[in-house]
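Input: a single structure, listed below in structure tokens.
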Amino acid sequence: MTQPRKSIHGSWSSRLAFILAATGSAVGLGNIWKFPYIAGENGGGAFVLVYLVCIGLIGIPIMMAEVMLGRRGRQSPINTMRALAAEAGANPAWRWLGWAGVVAGFLILSYYSVIAGWALAYVFRSMAGVFTGATAEGVSSIFTQLTEDPERLLAWHTLFMVMTMIVVARGVKSGLEQAVRFLVPALFVLLLLLDGYAMASGSFDQGLNFLFTPDFSKITANGVLIAMGHAFFTLSLGMGAIMVYGSYLPDRTSVARTSIIIALLDTLVALLAGMAIFPIVFANGLEPGAGPGLIFQTLPIAFGHMAGGGLFGTLFFVLLVFAAWTSAISLIEPAVAWLVENKGVTRVYASVYAGVATWSMGLLTILSFSHWANFYPLSYIPVFEKYTVFDLLDYLTANIMLPLGGLAIAIFSAWVMRRRDSVQELDMGDATAYRLWHFLVRYVTPIAVIIVFLNVTGLVDF
Ligand code: PHE
């Protein structure tokens, strides 16, 4: 490498710090808000199985690839890809992969922040005790009152974006490392508590059955794409978030081991969330396919009826906000790192520019839940018949942009990059493990992504 192998943005203080930060990026609304609602919409068990297979066969190897590229490039994903393409003697156009990631991160954060705003609003609702003794209908009307009011959504979205910009402006290391250290364990404890509640008073068997008994007649080609897209989304892959975090990683750290730990923690959080939510759904005669409001319409029922529910509910939503916060930071970090590197601005200005742009884009999502709630821009395409602007944004990013980004990362790491460079950078010490990784990234990921895409477009039919 010609450029110094050190990031100008600083580096993590230890391997543990990286694990915490990357776990903070991975664990977020994707696990607790999105996973249950898309599993519910896509029939449960079979969807969950496809998702788990994608995490193992695609997610973990791609995470290793992203960390590896980031650590070797030591810059924002755009400049990392440019430098690594030069090193491999490949076309400089690979830097566009970095750009695609910046755009995906911007689009995702624009709606992510609005949903995180719901969680913020729910912190205060729980604190005020509005859920105490509430029925399913009561809880559901509290939810619609919030989401149908664009002004309230705007206020919470603004607050969340400001929170994100403040941490990003201060640098990834100072605030973030500390927050995650306490957040991840606390989140586990609260989820276990909710699982305990679901076990004691929900329809636990029915919930588990829904999540873990695969019924393949319930899953469509589109459902398979959504499961694969979610594997990328939940692990923060395909857009450079993990790559940019990898660029702050100290040299001698096992990429393989850390990636596996992060993926396992992330999956565990999603499954624990699902196991808490579905028993409550069935015990209260609610609809598993209720959509994006699912957790906001189920968990408050549990909080409203358990001893100390006001306190636990408040804590739960506080943790959800934290989980979303640590993910939001990583969504915007690739853009901020690039602005600092190429435009010579300070982190403070860079976060303001990127934050204001994202905030404005968020208005589309706010409208999707209020004035545009019945506006389906692509209703002439059967799959998108009932997709709002928000649904389309989510679909475009999670199910198209991230898997395509992952595909490009796979091709670059296992076809373009020189083998001796990836051997050196991954430093696995075990030739068989390296070969397994190389095989998965070289063949399995590209073929799987392409087949799932062809399948959903109906060009081939499985
Ligand atoms: N992984 C995050 C979540 O599950 C979302 C995310 C996606 C973060 C892509 C960064 C990049 O909530």
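The values are calculated or read from the model by the stated rules, or taken from the named source; none is laboratory data. Bear in mind the structure is a predicted one, so any value in this text is a computation, not a measurement. Note that each Cβ is placed from the backbone with ideal geometry, even for glycine, and that neighbours are counted across all protein chains shown. Just so you know, the surface numbers come from the protein's heavy atoms only, side chains and all, with ligands and any DNA or RNA stripped out. Shrake-Rupley method; radii C 1.70, N 1.55, O 1.52, S 1.80 Å.
The condition of being under 20 Å from Gly70 (Cβ atoms) and open to solvent by 60 Å² or more (accessible area, probe 1.4 Å) holds for only one of Asp427, Asp421, Asp461, that being Asp427.
For every residue, the table says whether it meets (1) closer than 20 Å to Trp33 by Cα; (2) out of contact with any Ser or Thr (no Cβ under 8 Å at 6 or more places or on another chain); (3) without any contact (Cβ under 8 Å) to a residue 12 or more places away in the chain; (4) of a type in the set (Phe, Trp, Tyr).
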residue: Val244; (1), (2), (3), (4): no, no, no, no
residue: Thr253; (1), (2), (3), (4): no, yes, no, no
residue: Thr258; (1), (2), (3), (4): no, yes, no, no
residue: Ile262; (1), (2), (3), (4): yes, no, no, no
residue: Asn284; (1), (2), (3), (4): yes, no, no, no
residue: Pro300; (1), (2), (3), (4): yes, no, no, no
residue: Phe303; (1), (2), (3), (4): yes, no, no, yes
residue: Gly313; (1), (2), (3), (4): yes, no, no, no
residue: Trp325; (1), (2), (3), (4): yes, no, no, yes
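Output the residue which, of all residues in segment 86-109 that are more than 16 Å from the ligand (Cβ to nearest atom) and part of a helix (DSSP H, G or I), is most open to solvent (accessible area, probe 1.4 Å). Per the criteria, the residue is Trp96. Restricting attention to segment 192-217, the residues being within 23 Å of the chain's Cα centre (by Cα) and more than 20 Å from Gly289 (Cβ to Cβ) number 3. Screening the candidates Leu52, Leu29, Leu57 for the property of being at pLDDT 95 or above, open to solvent by 30 Å² or more (accessible area, probe 1.4 Å), within 16 Å of the ligand (Cβ to nearest atom) and not polar (S, T, N, Q) yields one hit, Leu52. Scanning segment 317-330 turns up no residue that is hydrophobic (A, V, I, L, M, F, W, C) and farther than 26 Å from Phe390 by Cβ.
Per-residue answers, yes or no, for (1) under 20 Å from Trp325 (Cα atoms); (2) touching a residue at least 60 places away in the same chain (Cβ under 8 Å); (3) not β-branched (Val, Ile, Thr):
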residue: Phe232; (1), (2), (3): yes, yes, yes
residue: Met239; (1), (2), (3): yes, yes, yes
residue: Val269; (1), (2), (3): yes, yes, no
residue: Pro279; (1), (2), (3): no, yes, yes
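Selection of segment 28-47 for residues being part of a helix (DSSP H, G or I) and closer than 24 Å to Leu331 by Cα yields Leu29, Gly30, Asn31, Ile32, Trp33, Lys34, Phe35, Pro36, Tyr37, Ile38, Ala39. Out of Leu146, Leu191, one residue alone is within 30 Å of Met306 (Cβ to Cβ), of a type in the set (A, V, I, L, M) and at pLDDT below 95. It is Leu191. Within the option set Val423, Val336, Val345, being assigned to a loop (DSSP other than H, G, I, E, B) and closer than 28 Å to Pro92 by Cα holds for one residue only, Val345.
Identify all residues within segment 218-247 that are closer than 23 Å to Gly171 by Cα and aliphatic (A, V, I, L, M); write none if there are none. Working first, answer last.
Step one: of segment 218-247, the residues closer than 23 Å to Gly171 by Cα are 235-247.
Leu235, Leu237, Met239, Ala241, Ile242, Met243, Val244 - these are the residues of segment 218-247 that are closer than 23 Å to Gly171 by Cα and aliphatic (A, V, I, L, M).
Residue under question is Pro279, and the condition is that it be assigned to a helix (DSSP H, G or I) and open to solvent by less than 30 Å² (accessible area, probe 1.4 Å); does it hold?
Working: assigned to a helix (DSSP H, G or I): yes; open to solvent by less than 30 Å² (accessible area, probe 1.4 Å): yes.
Yes, satisfied.
Output the number of the condition that Asp266 fails; it satisfies all remaining conditions of (1) out of contact with any Ser or Thr (no Cβ under 7 Å at 6 or more places or on another chain); (2) at pLDDT 95 or above. Exception for Asp266: condition (1).
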